[in-house]
Amino acid sequence: MKPLARGCSGVTVVICCYTEQRWEQTCAAVKSALSQDPAPAQVLLVVDHNAALAARARRELTDVMVLENEGPTGLSGARNTGLRAATQPITAFLDDDAEARPGWMAALVEPYSRANVVATGGGVHPVWPEQAPRWLPAEFYWVVGCSYLGLPESGGEIRNPIGANMSMLTHLALEAGGFDEGMGRLGGNTRGCEETELSIRLTTRSPGSAVMYVPTAAVDHHVSQERLKLGYFISRCWHEGRSKADVVRLAGSGPGLERERRQAVLVIPAALLRELRRLLTGDVAAPARMTANLAGLASAAAGYFTGRARQAVQRQGPARPQDTTGPEGDGQAEELPAAADREAASRRS
């Protein structure tokens with residue numbers, strides 16, 4: 001594929017949705033994608049196994065193509081359905097509760113003018129239900145699906161984008177097997193990392209390739225009140241750790257924990273020192289943010305080591321049903337296919 005010039009409209013935008021409770025936000029997401037200048041060549045709305053929602057979307061959103069998830073229930077299956085239906089060289093993904101700002105698409109595709117770029121990600125800004133929670137440190141904004149302190153401020157190469165706002169070369173993503181359908185969100189659960197694992201696969205398959213972070217390719221991401229509860233915070237960190245254990249099993253600990261090591265060794269210690277200085281100057285919320293930094297790190301680490309321990313047990317004995325509960329456990333099965341099985345499946349599809 002030839003490098004794309006800035007402003008090229010050779011983009012398919014995929015928006016995945018699963019519930020009518022987000023209908024107004026879904027409509028706003030679709031409108032924001034269609035309003036880009038230049039407009040995307042194709043916009044797909046993929047409905048995740050909800051026939052009533054699909055029927056409503058076909059009635060009311062006549063400017064987009066409405067598809068239904070052809071794979072297993074969950075975000076990864078829905079994204080793969082969009083990837084397979086994409087007709088353009090670049091596929092961009094926008095969450096159903098996010099709105100793209102003007103210039104989003106042009107900025108998101110601009111890095112493809114470099115021949116080694118295989119994927120990009122943009123800035124994700126939180127839209128709080130009322131005001132930003134003072135106890136939530138910016139280092140953990142990823143818990144609510146937004147850009148966090150620790151990403152390169154002016155952009156640059158990253159391991160993986162945030163799923164709410166990302167793009168990739170369509171044919172390379174398909175050749176790599178797409179998103180692992182044993183990973184990722186299922187309805188409202190708190191699992192993730194399917195975009196992390198695919199990004200690692202993309203760059204591993206093409207030595208010298210890069211995933212670029214473009215903060216100016218910005219979207220506004222609505223944060224629900226439910227996600228501002230401490231229980232959700234702890235649960236999300238736990239399941240992130242569990243998901244990272246899956247990534248490490250599939251991709252190795254080097255790339256699988258690259259960002260996490262930096263956050264734990266550099267970013268969070270710097271945050272604790274910053275909050276200590278703020279406490280000394282009278283910021284009464286500083287202790288809460290310090291506690292959240294430590295609790296989030298501990299919960300993610302506990303989830304990771306729990307996941308790795310269970311993998312070790314599975315390697316040593318016969319397969320048994322997994323206990324998928326953790327803090328506020330989602331109860332979803334977490335058994336993943338082996339990498340070789342996934343690659344074989346992608347060749348058959």
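Things worth noting here:
- Ranked list, fewest to most other Cβ atoms within 10 Å of each Cβ, for Phe305, Phe233, Phe93: Phe305, Phe233, Phe93
- Using distinct alpha-carbon pairs, which all enter the 1/r mean, Kirkwood radius of region 193-322 in Å: 17.2
- Summed residue charge, Cβ within 11 Å of Ala98's Cβ, Lys/Arg positive, Asp/Glu negative: -3
- Projected label distance in nm at Arg261 and Thr281, using a 7 Å step from Cα toward the beta-carbon: 3.4
- Rounded D (µm²/s) - region 77-205, Kirkwood Rh over Cα pairs, Stokes-Einstein at 37 °C, 0.692 mPa s: 210
- Kirkwood Rh (inverse of mean 1/r, distinct Cα pairs), region 1-154, angstrom: 16.5
- For region 197-250, alpha-carbon Rg relative to the globular expectation (2.2 N^0.38 Å, N residues): 1.56
- Choice from Gly121, Gly145, Gly231 with maximal GNM fluctuation in the chain (Cα, 10 Å cutoff): Gly231
- Charge tally in the Cβ shell below 12 Å around Leu276, where Lys, Arg are +1 and Asp, Glu are -1, Leu276 excluded: +2
- The loop-placed trypsin sites (Lys or Arg not before Pro) in region 205-244, going by DSSP, that have at most 15 neighbouring Cβ atoms within 10 Å of their Cβ come out as Lys229.
- Here semi-axes √(5λ) of the Cα gyration tensor in Å was computed from the coordinates, and among (1) 70, 40, 20; (2) 29, 25, 21; (3) 41, 24, 21 the match is (2).
- Positive minus negative residues near Phe140 (Lys, Arg vs Asp, Glu; Cβ under 12 Å): +1
- By other beta-carbon atoms within 10 Å, ranking Thr91, Thr26, Thr306 with the fewest at the front produces Thr306, Thr26, Thr91.
Throughout, read-outs are computed from the coordinates displayed, never taken from laboratory work. This is a predicted model, so every value here is computed, not measured. No Cβ is skipped: glycine too gets one built from the backbone with ideal geometry, and neighbour counts run over all protein chains shown.
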